[in-house]
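Since the structure comes first, as structure tokens, the remarks are kept for the end.
The values are calculated or read from the model by the stated rules, or taken from the named source; none is laboratory data. As the structure is a prediction and not an experimental result, all values here were calculated from the model. Positions of Cβ are backbone-derived with ideal geometry, glycine not excepted, and every protein chain shown enters the neighbour counts.
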Amino acid sequence: MKHITLAMLISLSTHFAFAQDTTPQKDTTQQIVQGRTNSKEQQTKPYVIMISIDGFRYDYAEKYQATNLLRLSAEGVKATAMQPSYPSLTFPNHYTLITGLYPAHHGLVDNSFYDRNRKQTYEMKNRDAVEDGTWYGGTPLWVLAEKQHMVSASYFWVGSESPIQNTRPTYSYRYQEKTGIDNRIQSVVNWLKLPEAQRPHLITFYFPEVDHAGHSYGPESAQVKEQVKFVDESIGKMVKAVSKLKLPVNYIIVSDHGMAAVDTVHLIQLKDMGLKMSWGGEKMMFYSDDTAKVNAAYAYYKSHEDHFRTYRKGEMPARWHYGAEDKFNRIGDIILVPDAYYVFAQPKKKEQHIGHHGFDNNLTDMNAVFMAWGPAFKQHQRIGTFANIHVYPLVAKILGLKIEEPVDGKLDVLAPILKRQ
């Protein structure tokens, strides 16, 4: 079959971490919104440091003996796993964690997608799009906090660089991978040393390293083990440094998805049917205003399924909360989904990465991690697998923030891990 040509692509982005360092200036300066303070009421609230370890599969801590994470979570809460939302990709799931909404409801339906109404493409490597707050639906936790006069900070998180609802975290950084971990940890400590009026009560923090290694070398590799150790030691350093401040700090450790080794030999090749396309190794989306073209392409792909499945938007499995629930009209008219551990060939790319995510979120290998400890949490708690939409109301409850718009997550799911307040 004919390969899809580069010119046809909306984007050739890989989803190998939101982390690809494409900031031209590599701006390492702290961004501060002046004039913000905690209200008197918010100054009495506890603190939450929410840490995402990109691509940290649910079993990595035990598999690679992440001693600090295992010790700290043993003192608090550890889930069997946390199920990502579909698609199990970086941008959709980081934004789900911070909004409590499924991707189809908050608008980041993929790492790259086309918006029919705007007639524009969102691409995670496009700084203009990433920093344009009008692409983002929902109310991120830092927006919720700031609007209720609670100061927030972010050392990287999807959406934190954008004025969503005209609101950024009070303290933040543009994404880059130049700043060393010790300096990043020190920034967190410095934030928590600020006077009460300026001190952030919500801090988000992000590690890209495990995901990078998983893509390049696969989840069973020595390189992933090494990066798990790096992250584990770094979190140990952070906890030790922050503990000296004697503040009521709660830690929530999450990841956006897992990782799986894929078949890099039998790549799925597709015929070009002349539609606008958003490419992904684990999902292809096609768009067109021409109904006849859509019908012809659908019929062709449906009759040539070979290790993939063909869907119209309204036909996707209901458990994904995806196609039929497309609030922003950004999901393709046709969606191709590969079978587990198969990937679509990327045009003009000789080397295929060993590790992938983005597959059906029911696959165990796609599961993420959830750990938590601190004064708000019960001790020595083990819980089953739950969906990541429920983290948002948990954090809001700990910080005493009022959720003012409907979200998909439910406090009842994780309320049992909290001490009575």
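Filter the stretch 394-421 down to the residues that are surrounded by 15 or more Cβ atoms within 10 Å (Cβ to Cβ) and either of a type in the set (D, E) or farther than 20 Å from L144 by Cα (or both) and list them by number.
D408, V413, I417, L418
With β-branched (V, I, T) and under 23 Å from the mean Cα position of the chain (by Cα) as the only criterion, which of V337, V294 stands out?
Exactly one of V337, V294 is β-branched (V, I, T) and under 23 Å from the mean Cα position of the chain (by Cα), namely V337.
For the stretch 305-318, enumerate the residues that are out of contact with any Phe, Trp or Tyr (no Cβ under 8 Å at 6 or more places or on another chain) and of a type in the set (D, E, K, R).
Residues satisfying the conditions are E305, D306, R309, K313, E315.
Would you call A213 assigned to a helix (DSSP H, G or I), of a type outside the set (D, E, K, R) and within 19 Å of Y58 (Cβ to Cβ)?
Yes.
So, A415, is that one touching a Leu at 6+ places or on another chain (Cβ under 9 Å), touching a residue at least 40 places away in the same chain (Cβ under 8 Å) and more than 22 Å from E123 (Cα to Cα) or not?
no
Say whether the condition of being surrounded by fewer than 19 Cβ atoms within 10 Å (Cβ to Cβ) and in contact with an Asp or Glu (Cβ under 6 Å, 6 or more places away or on another chain) is met by at least one residue in the stretch 179-191.
No - not one qualifying residue is present in the stretch 179-191.
For the subset of the stretch 166-182 comprising residues that are in a loop (DSSP other than H, G, I, E, B), of a type in the set (S, T, N, Q) and in contact with a Ser or Thr (Cβ under 7 Å, 6 or more places away or on another chain), which member is farthest from Y136 (Cα to Cα)?
Applying the filter and picking the extreme gives T179.
Could you say whether any residue in the stretch 334-353 is surrounded by 19 or more Cβ atoms within 10 Å (Cβ to Cβ), at pLDDT 95 or above and assigned to a helix (DSSP H, G or I)?
Within the stretch 334-353 (the criterion being surrounded by 19 or more Cβ atoms within 10 Å (Cβ to Cβ), at pLDDT 95 or above and assigned to a helix (DSSP H, G or I)), the answer is no, since none of the residues qualifies.
This table checks each residue for (1) in contact with a Pro (Cβ under 8 Å, 6 or more places away or on another chain); (2) assigned by TED's automatic domain parsing to the domain that holds S85.
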| residue | (1), (2) |
| --- | --- |
| N329 | no, no |
| D333 | no, no |
| V343 | no, no |
| A376 | yes, yes |
| N388 | yes, yes |
| A396 | no, yes |
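Which of (1) closer than 24 Å to P92 by Cα; (2) touching a residue at least 60 places away in the same chain (Cβ under 8 Å) is the odd one out, the single condition P317 does not satisfy?
Result: P317 fails condition (2) only.
State whether the residues of the stretch 359-370 include one that is of a type in the set (S, T, Y) and either part of a helix (DSSP H, G or I) or at positive phi (or both).
Yes.
Determine which member of the set V242, V265 is hydrophobic (A, V, I, L, M, F, W, C) and touching a residue at least 40 places away in the same chain (Cβ under 8 Å).
Among V242, V265, only V242 is hydrophobic (A, V, I, L, M, F, W, C) and touching a residue at least 40 places away in the same chain (Cβ under 8 Å).
Among the numbered criteria (1) under 20 Å from R330 (Cβ atoms); (2) touching an Asp or Glu at 6+ places or on another chain (Cβ under 6 Å), which single criterion is violated by R174?
Going through the list (1) under 20 Å from R330 (Cβ atoms); (2) touching an Asp or Glu at 6+ places or on another chain (Cβ under 6 Å), R174 breaks only (1).
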